[in-house]
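Here the structure is laid out as structure tokens; the discussion comes afterwards.
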Amino acid sequence: MDELISTLAIWALPVLFAITLHEAAHGYVARHFGDPTAEQAGRISLNPLKHIDLVGTLLVPGLILALSSGGMLFGWAKPVPVSFGRLRRPKADMLWVAAAGPLANLAMAVFWALVFLLGRQLGGSDYALPMLKMADAGMHINAILMMLNLLPIPPLDGGRIAVSLLPGKLAAAYARLEPFGFPILLLLLFTGVLGAVLGPLVALFRYALALVFGLL
């Protein structure tokens, strides 16, 4: 029980930040390009309570963390509402709105890498080990969320980026896959395909991050 509490305590803050800033970034960028839908719904906010989904943000990740001891993580937040038709250039601007979430996760991974460096500098301090563990969790969850959301499966961000980049008829056909995206994702998860794809991508990103910031 103590190990479970410790694991949840280490992961709670990084997970909340990762989800909150990812979703808020979509809303900020959508507003910038002319769609105020998220703002009108009160979702352009750094308040985690605005973005938490009871099942997807708390229950599912908590159970997975408990069962895997932090070895893997999967979950979701309440999607920020975006009316692509209200964007000034719907098809082109969709790319930036979709990319905002993964870019927020990239920025947070960099932030946690810097926190890890600070933890190293603290040496034998009582705060050093908890800081290092939390920073490692922060880099990991943001790597997972970034790579997961960049998969080209609508309605994931990568799917919407693909729709934005594809030519007209092909984009429309690809967008019609969106209602099947979540079932496809669950199928990939439970068959192990998702882990087989994401694992190497996350490991490569973590290695690159460690290389850049001297964490090796």
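The values are calculated or read from the model by the stated rules, or taken from the named source; none is laboratory data. In this text the structure is predicted, and so the values were computed from the model without any measurement. Glycine also receives a Cβ, built like all others from the backbone with ideal geometry; neighbour counts cover every protein chain displayed.
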Q: Kindly indicate whether Leu189 is buried (at least 17 other Cβ atoms within 10 Å of the Cβ) and either charged (D, E, K, R) or under 23 Å from His140 (Cα atoms) (or both).
A: no
Q.
Condition (residue is in a helix (DSSP H, G or I), under 22 Å from Phe116 (Cβ atoms) and polar (S, T, N, Q)) applied to region 32-43: is it met by at least one residue?
A. no
Q: Considering each of Ala113, Ala104, Ala109 in turn, give the residue that is in a helix (DSSP H, G or I), more than 18 Å from Val212 (Cβ to Cβ) and modelled with pLDDT of 95 or more.
A: Ala104
Q) When both residues are 6+ apart or on different chains and their Cβ atoms are under 6 Å apart, which pairs have a first residue that lies in region 137-156 and is on the phi > 0 side of the Ramachandran plot, and a second that is among the hydrophobic types (A, V, I, L, M, F, W, C) and surrounded by fewer than 24 Cβ atoms within 10 Å (Cβ to Cβ)? A) none
Q | Where Leu188 falls short, out of the listed (1) under 15 Å from the mean Cα position of the chain (by Cα); (2) without any contact (Cβ under 8 Å) to a residue 60 or more places away in the chain | A | (1)
Q: Kindly provide the set of residues from region 116-134 that are of a type in the set (Gly, Ala, Ser) and in a helix (DSSP H, G or I), ordered by number.
A: Gly119, Ala128
Q) Of the conditions (1) under 21 Å from Gly27 (Cα atoms); (2) modelled with pLDDT of 95 or more, Leu148 fails just one. Which one is it? A) (2)
Q: Please list, ordered by first then second residue, the pairs with beta carbon atoms under 6 Å, 6 or more apart or interchain, first in region 116-130 and loosely packed, with under 14 Cβ neighbours inside 10 Å, second of a type in the set (A, V, I, L, M, F, W, C).
A: Leu122/Ala128
Q | Matching residues, region 131-143, being surrounded by fewer than 22 Cβ atoms within 10 Å (Cβ to Cβ) and within 16 Å of the chain's Cα centre (by Cα) | A | Asp136
**Q.** region 79-92: number of residues that are surrounded by 14 or more Cβ atoms within 10 Å (Cβ to Cβ) and over 21 Å from Gly42 (Cα atoms)
**A.** 2
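Table: residues versus (1) crowded, with 21+ Cβ neighbours inside 10 Å; (2) of a type in the set (Gly, Ala, Ser); (3) over 20 Å from the mean Cα position of the chain (by Cα).
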residue	(1), (2), (3)
Met146	yes, no, no
Gly181	no, yes, no
Gly199	no, yes, no
Leu215	no, no, yes
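Residue by residue, here is whether (1) at pLDDT below 70; (2) surrounded by fewer than 21 Cβ atoms within 10 Å (Cβ to Cβ); (3) of a type in the set (D, E, K, R) holds:
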site: Ser6; (1), (2), (3): no, yes, no
site: Trp11; (1), (2), (3): no, no, no
site: Leu21; (1), (2), (3): no, no, no
site: Ala24; (1), (2), (3): no, no, no
site: Val29; (1), (2), (3): no, no, no
site: Ile64; (1), (2), (3): yes, yes, no
site: Ser69; (1), (2), (3): yes, yes, no
site: Met72; (1), (2), (3): yes, yes, no
